[in-house]
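Structure record follows, encoded as structure tokens.
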Amino acid sequence: MKPQTIKIFYWALTLLLSLAFLGDAFGGITKQQAGVDVLNHLGYPIYLMPFMGYLKVLGVIALLQTKFNTIKEWAFAGFAFIFVGAAVSRAAMGDSAGMIVMPVVVLGVLFLTYFFWNKYRTINAK
């Protein structure tokens, strides 16, 4: 794959994920009713919503910055934990397959973004 193609895929996926994560973060910070309903259903305390929302904003900042690779790695790991936890929580509550698959799909896109970031980083190191 050409370096320019790798760069385009990496940044396109990063921007899409970042927008989705920011939307989710906004919902958590403002305690949107849909999020409250989900947390009640899963048995989590509502005070986690703004806390996780602010962490997601920090994670997006870490994903978009280009200087500190270790911080970016931690952001990828943090988002991976969130989506693995979401899928496991949904499965533990006996939710439908569609509710379980959704965080797994986002996790797949996150892994794909991580894959392209590593390729992009390797190309820039040369």
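The values are calculated or read from the model by the stated rules, or taken from the named source; none is laboratory data. Source: prediction; values computed, not measured. Methodologically, a virtual Cβ is constructed for each residue, glycine included, from the backbone with ideal geometry; neighbour enumeration extends over all protein chains shown.
Would the range 41-50 turn up any residue that is closer than 30 Å to Ile6 by Cα, touching a helix residue (DSSP H, G or I) at 6+ places or on another chain (Cβ under 8 Å) and not acidic (Asp, Glu)? Full working, then the answer.
Filtering the range 41-50 for residues closer than 30 Å to Ile6 by Cα gives none.
No.
Of the residues Val84, Val101, Val88, which is among the aliphatic types (A, V, I, L, M), in a helix (DSSP H, G or I) and within 30 Å of Thr122 (Cβ to Cβ)?
On the way: Val101 fails: within 30 Å of Thr122 (Cβ to Cβ); Val88 fails: within 30 Å of Thr122 (Cβ to Cβ).
On inspection, the qualifying residue turns out to be Val84.
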- request: Output the residues belonging to the range 55-84 that are exposed (fewer than 13 other Cβ atoms within 10 Å of the Cβ), without any contact (Cβ under 8 Å) to a residue 40 or more places away in the chain and either of a type outside the set (A, V, I, L, M, F, W, C) or touching a Leu at 6+ places or on another chain (Cβ under 6 Å) (or both).
  value: Gln65, Thr66, Lys67, Thr70
message: Can you find a residue that is more than 25 Å from Ile123 (Cβ to Cβ) and hydrophobic (A, V, I, L, M, F, W, C) anywhere in the range 60-78?
response: no
- line: Of (1) farther than 18 Å from Thr66 by Cβ; (2) in a helix (DSSP H, G or I), Phe21 fails just (1)
message: I'd like the full set of residues that are farther than 21 Å from Gly78 by Cβ and either surrounded by 15 or more Cβ atoms within 10 Å (Cβ to Cβ) or in contact with a strand residue (DSSP E or B) (Cβ under 7 Å, 6 or more places away or on another chain) (or both), limited to the range 9-30.
response: Phe9
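Which of the residues spanning the range 49-68 are modelled with pLDDT under 95 and part of a helix (DSSP H, G or I)? Reasoning before the result, please.
Of all residues in the range 49-68, those modelled with pLDDT under 95 come to 66-67.
None - no residue of the range 49-68 is modelled with pLDDT under 95 and part of a helix (DSSP H, G or I), so the list stays empty.
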- line: A careful count of residues in the range 85-126 that are surrounded by 14 or more Cβ atoms within 10 Å (Cβ to Cβ), closer than 20 Å to Gly53 by Cβ and free of Cβ contacts under 8 Å to residues at least 60 places away in the same chain gives 7
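Out of Lys72, Lys7, Lys31, which single residue is modelled with pLDDT under 95 and over 24 Å from Ile100 (Cβ atoms)? Working first, answer last.
On the way: Lys72 fails: modelled with pLDDT under 95; Lys31 fails: modelled with pLDDT under 95.
Only one candidate qualifies: Lys7.
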- prompt: Which residues, taken from the range 69-101, are closer than 21 Å to Tyr44 by Cβ and in contact with a Gly (Cβ under 7 Å, 6 or more places away or on another chain)?
  reply: Gly78, Phe79
query: Of all residues in the range 75-126 being within 20 Å of Ile6 (Cα to Cα) and β-branched (Val, Ile, Thr), which is modelled with the lowest pLDDT?
result: Ile123
